[in-house]
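The values are calculated or read from the model by the stated rules, or taken from the named source; none is laboratory data. The model shown is predicted, which means the values in this text are computed figures rather than measured ones. Here the Cβ positions follow ideal geometry from the backbone for every residue, glycine too, while neighbour counts run over all protein chains shown.
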Amino acid sequence: MANHFKIPLLWPFKMVPSTSSPNTTSDFDGAWACEQIKSFERQVYYKQKWKKAETTTLVIESSLAPTALKVYTREGSVAKSINWTAVYTAVNYVIYTLTFDISDLAEGVYYIYQRATFGSIDWKSISNPIHSKASWDNTLLFTFTNSFNDQDVPWTLGIEMKFRCEAGIMDFNPERDRAAYVNQSRDVTNLSGIPYRSFKLYIGKAPGVAPWVIDILNRIFCCDSIDIDGKKYQSDDGSKWEVTRAKGYPLIGASIDIVEAVNSSSLEFADTTPIAPGIIVAYQQETNFFGPGSLVPVIDVEIE
C-alpha cells in the first residue's frame, strides 16, 4: 500500500499545502484564503479567532511517523512544538492525536505547521493565520463529536474537537408539530402537539469570514453532537445554508436554521443525584393467548 497522510477537512484549523512553488489558487484546499483573492477584489484578509485558554484535540491518520506540530509566530520563529501520540495502530497506518494548547503563549497571530517525511517523501502543510486572544466578542464556541467514525475522524476513540468563529444565535421562532381531527362540521379536536423553538445561526458579522469557515461549519453540522457555547443544537430538518456575498468582496456571511437538540418542556434544576424513579405497574389482560392476568415485570425504564 502506498504511503499516505490525512488531515481531516473537519479540523478546526484550515490547513493548506506548504510548498516552495506557488500554490494552486484554483483549488479550494490548495492555498491560503488571502492567496485566493482575485486581483479585482478588495484585498481583505481574515484571521481565525481563538481564545488562548481553550484547547482542542487534533487527529491525523498516517503511514509515516509525523514530526511534532509546530506553532510559528507571524515573524517565522517557532513558538512551540506539540508531540503526537499514537492511539491506534492498524495495518499500514497509525492514528495519532494531540491536544492543541497555546495558553502558555502571548496573544498574537500564529500559524501551525505539520510535516511528515520518509526518504524522498516530504509532505508539509500550514494553517491559515490564527489570532489568539484572551477573549473575543461576538464569537461562539462550537464543540463537536460523533457517535460513529465519519469524515475521516475516528470518533469512537473519544475524539472531541472545538472551533470558534464570529457567530450569533438570533431570530427566535415558535414552532410546533401538531396533529388534529376535523369533523364534517369543521369542529377541530387537538390530538397531539409538540411545541419547540427554532433559531437562526448567523455566521460572519461585518466584515465577514473567509469561505473556508463556512465549509468547516457545514462539516460540523454533519456531526450528531454539536454544543454551541454550552447548549446542544442541531440544524433544523431540511435547512440549508444561506450565503451572503457582496460583489468584489472576498469575505462572506452565512446563516442556517437551527433547533435545540434536546426539546425540553421544563426549566430544570437538579443536583448530581439521579432522580429516583417511581413505581410503575402494568397489567396483562386476561386472555387465552397471554395466560391468566398477572403483573408484567418492568425490566427497563427510561426517563427523559
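Picking from Tyr249, Tyr233, which residue would you name as being under 17 Å from Tyr45 (Cβ atoms) and either surrounded by fewer than 13 Cβ atoms within 10 Å (Cβ to Cβ) or aromatic (Phe, Trp, Tyr) (or both)?
Numbers: Tyr233 fails: under 17 Å from Tyr45 (Cβ atoms).
Just one listed residue meets the conditions, Tyr249.
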Of the conditions (1) under 26 Å from Ser235 (Cβ atoms); (2) surrounded by 15 or more Cβ atoms within 10 Å (Cβ to Cβ), Asp152 satisfies every one except a single condition; which number is it?
(2)
Within region 80-105, which residues are touching a Ser or Thr at 6+ places or on another chain (Cβ under 9 Å), within 26 Å of Gln48 (Cα to Cα) and touching a residue at least 24 places away in the same chain (Cβ under 8 Å)?
Trp84, Tyr96, Thr97, Leu98, Thr99, Phe100, Asp101, Ile102, Ser103, Leu105
Consider region 82-135. How many of its residues are within 27 Å of Leu201 (Cβ to Cβ), surrounded by fewer than 17 Cβ atoms within 10 Å (Cβ to Cβ) and touching an Asp or Glu at 6+ places or on another chain (Cβ under 9 Å)?
3
So, of the residues in region 229-287 that are of a type in the set (Gly, Ala, Ser) and farther than 25 Å from Ala167 by Cα, which turns out to be modelled with the lowest pLDDT?
Ala282
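Let's see how each residue does on (1) of a type in the set (Phe, Trp, Tyr); (2) in a strand (DSSP E or B); (3) farther than 30 Å from Val87 by Cβ:
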{"position": "Trp123", "(1), (2), (3)": "yes, yes, no"}
{"position": "Phe144", "(1), (2), (3)": "yes, yes, no"}
{"position": "Cys165", "(1), (2), (3)": "no, yes, no"}
{"position": "Gly168", "(1), (2), (3)": "no, yes, yes"}
{"position": "Phe172", "(1), (2), (3)": "yes, yes, yes"}
{"position": "Ala179", "(1), (2), (3)": "no, yes, yes"}
{"position": "Ser192", "(1), (2), (3)": "no, yes, yes"}
{"position": "Tyr196", "(1), (2), (3)": "yes, yes, yes"}
{"position": "Tyr202", "(1), (2), (3)": "yes, yes, yes"}
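So, of the residues in region 1-37 that are assigned to a loop (DSSP other than H, G, I, E, B) and among the charged types (D, E, K, R), which turns out to be modelled with the highest pLDDT?
Of region 1-37, the ones assigned to a loop (DSSP other than H, G, I, E, B) are 1-4, 7-14, 18-32, 37.
Add one more test, that the residue is among the charged types (D, E, K, R), and what stays is 14, 27, 29.
Numbers: Lys14: 97, Asp27: 88, Asp29: 90.
Looking at the filtered set, the residue picked out is Lys14.
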Members of region 204-232 found to be in contact (Cβ under 8 Å) with a residue 60 or more places away in the chain and either in contact with a Gly (Cβ under 6 Å, 6 or more places away or on another chain) or part of a strand (DSSP E or B) (or both), listed by number:
Gly208, Val209, Ser225, Ile226, Asp227, Ile228
